[in-house]
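Worksheet for the structure shown next.
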Amino acid sequence: MRDVRSRSRAIAITAIEAVLFDWGDTLFYPPDATAVILAAAREHRVAMSAREAQALWRELWDAGKTPEEVASGRDLSREQHRASWTKLFGRADARVPGLSPRLYELMDPYRWTPYEDTRPTLEALRTRRIPTGIVSNHAYDLRDVFASRGLRDLVDVFVLSFEKGVAKPSPRLFEIAAKEIGTPPERTLMVGDHADADGAAAAAAGMQTYILPMWSGSGPRGLAHVIELVDGPRGARG
Ligand SMILES: [Mg+2]
């Protein structure tokens with residue numbers, strides 16, 4: 001895992017003039033898949049503990065984040081998204097019959113929830129007149145998802161893989177994002193949860209990066225550190 005603190009010191013060298021965010025597991029978190037797995041297991045009279053259900057979900061979720069899956073093209077269209085995730089979740093059908101379509105329903109972004117520090121962080125950047133953007137591998141129009149949460153006006157640009165025809169970890173998506181948000185890559189901070197897709201790929205496009213530590217499962221995501229990074233160079237500059 002990237003050494004966040006040493007990276008933070010490196011970031012202070014150049015002022016940050018815009019902040020880009022990944023979406024999933026960075027600004028929004030998924031519904032409780034464990035509860036869905038346990039409910040399906042009960043219905044099919046499959047013996048399964050909460051711990052086993054958690055482990056099964058973790059196994060599937062981690063499998064969905066491998067370089068091969070991320071680069072599979074699943075986020076270039078709704079059809080590819082469904083086919084790819086249903087196939088991956090299908091591994092669990094042997095344990096609990098009929099589970100994969102129910103797990104796929106959890107991928108609906110309208111069912112995801114903003115972390116408690118998502119809005120305050122976006123508002124703090126707005127107060128500082130720092131433009132913000134979303135760079136996401138996604139097959140849905142996230143503008144409407146943000147609008148449904150009252151967050152649409154806090155984001156300036158949406159750079160979505162299915163609209164651009166290119167997905168992370170291609171640096172191309174970040175190059176497009178820098179152009180659309182109007183700041184040089186070296187003065188743009190990319191914030192995400194995936195060391196390769198959000199970190200190495202954005203760095204390859206010349207951006208500064210901040211990869212969030214794993215979430216504890218409750219409370220804030222840790223996004224306040226983004227404001228510290230933004231204020232650091234601004235303070236030094238002023
Ligand atoms: Mg993510």
**Asked** Considering only segment 168-206, how many residues are more than 16 Å from the ligand (Cβ to nearest atom) and buried (at least 24 other Cβ atoms within 10 Å of the Cβ)?
**Response** 2
**Request:** Starting from residues that are more than 16 Å from the ligand (Cβ to nearest atom) and open to solvent by 80 Å² or more (accessible area, probe 1.4 Å), keep the ones in segment 1-42 and report whichever is modelled with the highest pLDDT.
**Result:** ARG42
**Asked** Before we move on, is PHE146 open to solvent by less than 10 Å² (accessible area, probe 1.4 Å), within 16 Å of the ligand (Cβ to nearest atom) and part of a helix (DSSP H, G or I)?
**Response** yes
**Asked** Name the pairs whose Cβ atoms lie under 8 Å apart, with the first residue in segment 145-165 and polar (S, T, N, Q), the second surrounded by 16 or more Cβ atoms within 10 Å (Cβ to Cβ) and at pLDDT 95 or above, and 6 or more positions between them or separate chains?
**Response** SER161/SER136; SER161/LEU173
**Asked** Any idea which of VAL135, VAL96 is within 20 Å of the chain's Cα centre (by Cα) and aliphatic (A, V, I, L, M)?
**Response** VAL135
**Request:** Being among the acidic types (Asp, Glu) and closer than 12 Å to ALA40 by Cβ is the filter; apply it to segment 91-139 and report the residue that is farthest from the ligand (Cβ to nearest atom).
**Result:** ASP93
**Item:** Residue that is farthest from THR118 (Cα to Cα), among those in segment 207-229 that are within 15 Å of the ligand (Cβ to nearest atom) and in contact with an Asp or Glu (Cβ under 6 Å, 6 or more places away or on another chain)
**Value:** LEU212
**Asked** How many residues are among the acidic types (Asp, Glu), at pLDDT below 95 and part of a loop (DSSP other than H, G, I, E, B) when one looks only at segment 175-209?
**Response** 0
**Prompt:** Somewhere in segment 210-223, is a residue assigned by TED's automatic domain parsing to the domain that holds ILE130, open to solvent by 30 Å² or more (accessible area, probe 1.4 Å), in a helix (DSSP H, G or I) and of a type in the set (A, V, I, L, M)?
**Reply:** no
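Quick check on ARG45: is it over 19 Å from TYR140 (Cβ atoms), open to solvent by 80 Å² or more (accessible area, probe 1.4 Å) and assigned to a helix (DSSP H, G or I)?
Against the criterion (over 19 Å from TYR140 (Cβ atoms), open to solvent by 80 Å² or more (accessible area, probe 1.4 Å) and assigned to a helix (DSSP H, G or I)), ARG45 does not qualify.
The values are calculated or read from the model by the stated rules, or taken from the named source; none is laboratory data. Note that this is a predicted model, so its numbers are computed, not measured. Because the Cβ atoms are built from the backbone with ideal geometry, glycine has one as well, and the counts that use them run over all protein chains shown. Side chains are part of the model used for accessible areas, which takes the heavy atoms of the whole protein and leaves out ligands, DNA and RNA. Shrake-Rupley method; radii C 1.70, N 1.55, O 1.52, S 1.80 Å.
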